[in-house]
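S.K.: Input: one structure, supplied below.
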Amino acid sequence: MDRNQAIGFGLIAVLLLAYSFFFSGTEKQAEQQQAVQEKARVEQVQSIAVAEDDSLAQARRASALGAFGAAATGEASTVTLENQNMVVTFNTKGGQVEEVLLKNYKTYTDQPLYLFDKESSETDVAFSTKDGKTVKLSDLYFTPTDVRTVTTGETPGKSIAFRANVGNGQFIEQVYTLYDESFSMGYELDFKGLDNELSGNAVTFTWNDRLKQLERDLTQNRAKSTINFATVEDGYDYLSISEDKETLTVEEPLKWVANKQNFFTAGIIANNQFTGAKLTSSVDPADTTVVKALSSEVLIPTKDVLSGAADFTFYFGPNDYKILKHFGNDFDKNLDLGWGIFSYVNKWIIIPAFDFLENYIGNYGIIIILLVLYIKTILLPLTYKSYTSMAKMKVLKPEIDAIKERNDGDMQKTQMETMKLYNEMGVNPLSGCIPMLLQIPILFAMFNFFPNSIELRQEAFLWADDLSTYDVFARLPFTIPFYGSHVSMFTLLMTASTILYTWSNNQINSQMQGPMKFYSYLMPVIFMFVLNSFPAGLSFYYFVSNMVTFGQQAIIRKFVDEGKVRAKLEANKDKIKEKKKSGGPSFTERMQEAMRQAAEKEQQKRNKAKK
């Protein structure tokens, strides 16, 4: 290589290095810019394709809906109505309720409480056309009007209408009215001028609801969740609480259908009536994200939607007796207050007293204590009667023990002679039981009141975070059969106080002997297992009730002199002898005679068996 060639190669190398240094960055930027442009072009093409697909789908849907195709195109949006209690969101695609938020309540995890959730709840209306098509309102787009203020009677509210124009002056209109301070919402459905388009006797209102867990105790949630309904003729009814799928077809007119949970209900009430319904409830025990799946297909008379008479009321709110009772038609039975006399005790005695105390006291533990004092004051005459009856038995205990010893295990003779003694002394052995029986309706009414009282929901007292469910004083690292994996302190206190109360009664009641005495102590232990997962408010009520009763008996004992009781019985003995001369047999004598005859028949059977 000569000198000139070497200089040439050197200049070429310098130029290559300079080019790389000054122009490589520009090329990279150009490549990046080209990539961005390419990506934007692809996204634009995809967007156009999606838009074309969407418009194509709408066009196909419009074609499939026949005369209703004019309302099958549009854009979905949401509109809300709001009052002091709730926010209701509607979707213009279908014109149906999308969400219902209860403003004054929270879930057990302190999250906003949506009683109707767009992710798990939906309603729709389906109808048949004369050309054989099935159309749903969710296939149509509705245009909302402006929210306007309305007044019915003295109740102001807000109203909004959704209209889907079909053409030629024909349209479907849905009107919703939400009144102030209310959990109910009016709903009107009107098919204007569509008489020649619809076929069949009914349109179908569907309501599907996959209930989300609102309370801590999932087991209790499921046990309290079902579909309730009321027929025009027979009134309130319900799907049974079951872990299996249940389907019920109602072929008679109904007034309302409701998805009922622990403390809340979502339902629809017909101002006229529904013509029938198909109701389904199912649960998957393994799926803890869903409490229950509820589905209702309710038939609305076609003549009502064509004449503008399809008028309904939605209810989205708490199971509060004061609110529910105003709807009539047994709608208040969405709050389970028990059956028969137990329901009346709750309605006429417990709820009025509880509401009165609630107006003045904010602590629900103190309200329960005062409620116990109120009930125990009403029952004090019965408690006194029961105690004096047991005191009479106690002073006769020496004679009764002598009878038992004399008959040496012969129960029939012992009972006959004991009844004779009672008759001579003027003692009615049932007089101590009757006062206790009269208290049973109140005792059992509480089993329905506390587990269903929304007033106690999420109300704390002492170590209990929520009086409407069980209190957790301690967690166990294992599960005890029939008891659970937690320790409820209120249940333990109730059990201990019941044993104390039982022991106190057994010191007075001479009839409580042998196996009966053992079972009287066993029952509180059994109830400890049963009530460990019941609401803390119920266990606390029974604990306070036991302690108050124990205190009442201690006071009564001071006023009941057993010596005077014995003297009175001796005086009765003389009076009864005089009465026998002029009067017929007493109740105790009739019982004694019946027992004697029974003993004779038994002896005759034994004699025949020996032969």
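The values are calculated or read from the model by the stated rules, or taken from the named source; none is laboratory data. Please read these numbers as outputs of a predicted model, since none were measured by experiment. Here the Cβ positions follow ideal geometry from the backbone for every residue, glycine too, while neighbour counts run over all protein chains shown.
S.K.: Across the stretch 299-327, what is the total count of residues that are in contact with a Gly (Cβ under 8 Å, 6 or more places away or on another chain) and of a type outside the set (S, T, N, Q)?
M.R.: 6
S.K.: When the residues of the stretch 168-225 are filtered to those that are assigned to a strand (DSSP E or B) and of a type in the set (D, E), which remaining residue is farthest from T107 (Cα to Cα)?
M.R.: Filtering first and then ranking leaves D190.
S.K.: Further question on the same structure: For the stretch 270-327, what are the residues that are polar (S, T, N, Q), assigned to a strand (DSSP E or B) and without any contact (Cβ under 8 Å) to a residue 60 or more places away in the chain?
M.R.: N271, N272, Q273, T280, S281, S282
S.K.: How many residues, within the stretch 227-260, are surrounded by 18 or more Cβ atoms within 10 Å (Cβ to Cβ) and at positive phi?
M.R.: Residues in the stretch 227-260 being surrounded by 18 or more Cβ atoms within 10 Å (Cβ to Cβ) and at positive phi: 0 in total.
S.K.: Taking the stretch 320-348 on its own, how many of its residues are farther than 15 Å from Y236 by Cα and either surrounded by fewer than 17 Cβ atoms within 10 Å (Cβ to Cβ) or not β-branched (V, I, T) (or both)?
M.R.: Result for the stretch 320-348: 10.
S.K.: Specify the residue that is modelled with the lowest pLDDT; the eligible residues are those in the stretch 123-147 that are of a type outside the set (F, W, Y) and touching a Lys or Arg at 6+ places or on another chain (Cβ under 6 Å).
M.R.: Applying the filter and picking the extreme gives V147.
S.K.: Condition first: closer than 21 Å to E181 by Cα, in contact with a Phe, Trp or Tyr (Cβ under 9 Å, 6 or more places away or on another chain) and surrounded by 13 or more Cβ atoms within 10 Å (Cβ to Cβ). Now tell me which residues in the stretch 115-160 satisfy that.
M.R.: L115, F116, V150, P156, G157, K158, S159, I160
S.K.: While we're on this one: Of all residues in the stretch 337-369, which are touching a residue at least 12 places away in the same chain (Cβ under 8 Å), farther than 13 Å from F449 by Cβ and β-branched (V, I, T)?
M.R.: Scanning the stretch 337-369 gives I341, I369.
S.K.: Starting from the stretch 235-259, take each residue that is under 21 Å from L115 (Cβ atoms) and of a type in the set (V, I, T) and list its partners that are at pLDDT 95 or above and surrounded by fewer than 18 Cβ atoms within 10 Å (Cβ to Cβ), counting only C-beta distances under 9 angstrom and pairs at least six apart or across chains.
M.R.: Short answer, once both residue conditions are applied: none.
S.K.: Right, something else. Counting only residues that are within 25 Å of the chain's Cα centre (by Cα), among the hydrophobic types (A, V, I, L, M, F, W, C) and closer than 15 Å to T177 by Cα, how many does the stretch 80-114 have?
M.R.: Number satisfying all stated conditions: 5.
S.K.: If you don't mind, there's one more thing I want to ask. Checking G317 against (1) buried (at least 16 other Cβ atoms within 10 Å of the Cβ); (2) outside the structural domain of T247 (by TED's automatic domain parsing); (3) not acidic (D, E), which test does it fail?
M.R.: Looking at each condition in turn, G317 falls short on (2).
S.K.: Given (1) among the acidic types (D, E); (2) touching a Lys or Arg at 6+ places or on another chain (Cβ under 9 Å); (3) in contact (Cβ under 8 Å) with a residue 40 or more places away in the chain, where does E181 come up short, assuming only one miss?
M.R.: Result: E181 fails condition (2) only.
S.K.: Also: Select, from F191, F205, the only residue that is in contact (Cβ under 8 Å) with a residue 24 or more places away in the chain, crowded, with 21+ Cβ neighbours inside 10 Å and out of contact with any helix residue (DSSP H, G or I) (no Cβ under 6 Å at 6 or more places or on another chain). Give the steps one after another, and end with the answer.
M.R.: Working: F191 fails: out of contact with any helix residue (DSSP H, G or I) (no Cβ under 6 Å at 6 or more places or on another chain).
From the options F191, F205, the qualifying one is F205.
S.K.: Here is a follow-up. Have a look at A161, A202 and point out the one that is over 30 Å from R457 (Cα atoms), touching a Leu at 6+ places or on another chain (Cβ under 8 Å) and outside the structural domain of Q458 (by TED's automatic domain parsing).
M.R.: A202
S.K.: Give the residue, chosen from T134, T206, that is of a type in the set (S, T, Y), in contact with a strand residue (DSSP E or B) (Cβ under 6 Å, 6 or more places away or on another chain) and under 19 Å from S121 (Cα atoms).
M.R.: Being of a type in the set (S, T, Y), in contact with a strand residue (DSSP E or B) (Cβ under 6 Å, 6 or more places away or on another chain) and under 19 Å from S121 (Cα atoms) holds for just one of T134, T206, which is T206.
S.K.: Sticking with this one: Are any residues in the stretch 370-387 touching a residue at least 60 places away in the same chain (Cβ under 8 Å) and crowded, with 17+ Cβ neighbours inside 10 Å, and if so, which ones?
M.R.: Narrowing the stretch 370-387 to residues touching a residue at least 60 places away in the same chain (Cβ under 8 Å): 371-373, 375-376, 379-380, 383-384, 387.
L371, V372, I375, K376, L379, T383, Y384, Y387 - these are the residues of the stretch 370-387 that are touching a residue at least 60 places away in the same chain (Cβ under 8 Å) and crowded, with 17+ Cβ neighbours inside 10 Å.
S.K.: Right, here's the next one. Of everything in the stretch 133-145, what is touching a residue at least 12 places away in the same chain (Cβ under 8 Å) and not aliphatic (A, V, I, L, M)? Give them in sequence order.
M.R.: K133, K136, S138, D139, Y141, F142, T143, P144, T145
S.K.: In addition: How many residues are touching a helix residue (DSSP H, G or I) at 6+ places or on another chain (Cβ under 8 Å) and part of a helix (DSSP H, G or I) when one looks only at the stretch 335-377?
M.R.: 26
S.K.: Of the conditions (1) in contact with a strand residue (DSSP E or B) (Cβ under 6 Å, 6 or more places away or on another chain); (2) free of Cβ contacts under 8 Å to residues at least 12 places away in the same chain, N334 satisfies every one except a single condition; which number is it?
M.R.: All conditions pass for N334, except number (2).
S.K.: Could you list all residues from the stretch 400-413 that are assigned to a helix (DSSP H, G or I) and surrounded by fewer than 16 Cβ atoms within 10 Å (Cβ to Cβ)?
M.R.: D401, A402, E405, R406, M411, Q412, listed by residue number.
S.K.: Would you please list the contacts, defined by Cβ atoms under 7 Å and residues six or more apart or on different chains, that run from a residue in the stretch 92-116 that is of a type in the set (F, W, Y) to a residue that is part of a loop (DSSP other than H, G, I, E, B)?
M.R.: Taking only residues 6 or more apart or on different chains, the pairs are Y108/L214; Y108/E215; Y108/R216.
S.K.: K394 fails exactly one of the following numbered conditions: (1) more than 30 Å from V257 (Cα to Cα); (2) modelled with pLDDT of 90 or more. What is the number of that condition?
M.R.: With respect to (1) more than 30 Å from V257 (Cα to Cα); (2) modelled with pLDDT of 90 or more, K394 is out only on (2).
S.K.: I'd like the full set of residues that are assigned to a loop (DSSP other than H, G, I, E, B), out of contact with any Phe, Trp or Tyr (no Cβ under 6 Å at 6 or more places or on another chain) and on the phi < 0 side of the Ramachandran plot, limited to the stretch 70-113.
M.R.: From the stretch 70-113, those assigned to a loop (DSSP other than H, G, I, E, B) are 72-77, 83-85, 92, 94-95, 107-111; that's our starting set.
Checking which are out of contact with any Phe, Trp or Tyr (no Cβ under 6 Å at 6 or more places or on another chain) leaves us with 72-73, 75-77, 83-84, 94, 107-111.
Listed by number, the residues that qualify are A72, T73, E75, A76, S77, N83, Q84, T107, Y108, T109, Q111.
S.K.: Does M523 qualify as being surrounded by fewer than 18 Cβ atoms within 10 Å (Cβ to Cβ), over 22 Å from the mean Cα position of the chain (by Cα) and either in a helix (DSSP H, G or I) or at pLDDT below 90 (or both)?
M.R.: yes
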